[in-house]
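Novice: My questions will all concern the structure given below.
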Amino acid sequence: MTDRALVHDQAVRRARLLNRLTVGWNVVEAVVAIVAGVAAASVGLLAFGLDSVVEVSAALVMTWRLAQAGTGRSTRDADRRALRGLALAFFALAAYVTIDAGSSLLLGAEPRVSPVGIVLTSVSAVVMPLLARAKHQVAPALGSRAQASEARQTDLCAWLSWFVLIGLVLNAALGWWWADPVAALAVAAVAVREGAEAWRAEALDDMCAD
């Protein structure tokens, strides 16, 4: 096996491990955030839970993409389809957050204090940047723009953690209920941008391709 092939195989194994960690973490995160969001009537926490669901979907897309890489054939077409799938996930997240947050602002729906949400987003604000950094590091060796796009989606989850955490803290400490939906709208804007970039991107040749 050549050094190039060895590097690629190691990158594939590491990417698969990162995807498994992403799925495991975000399944737990989604359940806790959605339950806490419903209990506190927090659009930020609900959006956070939905983002975790999207993260799981993105990781599953990458699992499929990595299986294509293991065949030894060019994965240009698979990469393109994976990118489109990730783009749709971004757009779905943005649509939900915009509608829900906009309605909350118009109706003046005030969320309740959520200690569980504050703890969850605090932990996520530490974990998600580390996971995103690892994904960004493996993307060049893997030769996959889809992996880089999925890493950016993890970046988005990290930012969402901070935005939602700030909104929850401001609501709890100062009674600024509107900070919760405003933070969610900011995340929706970022999601639209990332989705557009993923949709326009072309597939990148795999390192194992001729």
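The values are calculated or read from the model by the stated rules, or taken from the named source; none is laboratory data. Just so we're clear, the structure is a prediction, and the values are computed from it rather than from any experiment. Here Cβ is always computed from backbone atoms with ideal geometry, including for glycine, and neighbour counts include all displayed protein chains.
Novice: Search segment 1-21 for residues that are more than 30 Å from residue 52 (Cβ to Cβ) and pair each with any residue that is surrounded by 15 or more Cβ atoms within 10 Å (Cβ to Cβ) and modelled with pLDDT of 65 or more when their beta-carbon atoms are under 6 Å apart and the residues are at least 6 apart or on different chains.
Specialist: Here the result reads 7/141, each pair linking segment 1-21 to a residue that is surrounded by 15 or more Cβ atoms within 10 Å (Cβ to Cβ) and modelled with pLDDT of 65 or more.
Novice: May I pose another question? If you take the residues of segment 167-177 that are in a helix (DSSP H, G or I) and touching a residue at least 12 places away in the same chain (Cβ under 8 Å), which of them is surrounded by the most Cβ atoms within 10 Å (Cβ to Cβ)?
Specialist: Here the answer is 168.
Novice: Regarding segment 150-166, can at least one residue be identified that is assigned to a helix (DSSP H, G or I), under 22 Å from residue 49 (Cβ atoms), of a type in the set (A, V, I, L, M) and at pLDDT below 80?
Specialist: yes
Novice: Here is a further query. Under the condition of being within 16 Å of residue 49 (Cβ to Cβ) and among the small types (Gly, Ala, Ser), which residue from segment 78-119 is surrounded by the fewest Cβ atoms within 10 Å (Cβ to Cβ)?
Specialist: The selected residue is 95.
Novice: Continuing with the same structure: Any idea which of 189, 141, 179 is among the hydrophobic types (A, V, I, L, M, F, W, C), touching a helix residue (DSSP H, G or I) at 6+ places or on another chain (Cβ under 6 Å), at pLDDT 80 or above and over 13 Å from residue 82 (Cβ atoms)?
Specialist: After ruling out the rest, the residue left standing is 179.
Novice: I've got another one for you. Could you give every pair whose Cβ atoms fall below 8 Å, whose first residue belongs to segment 31-56 and is closer than 16 Å to residue 101 by Cβ and in contact (Cβ under 8 Å) with a residue 12 or more places away in the chain, and whose second residue is outside any helix (DSSP H, G or I) and of a type in the set (Asp, Glu), counting only separations of at least 6 or pairs across chains?
Specialist: Pairs found: 41/110.
Novice: Still on this structure: For segment 119-138, how many residues are among the polar types (S, T, N, Q) and at pLDDT below 90?
Specialist: Number of matching residues: 1.
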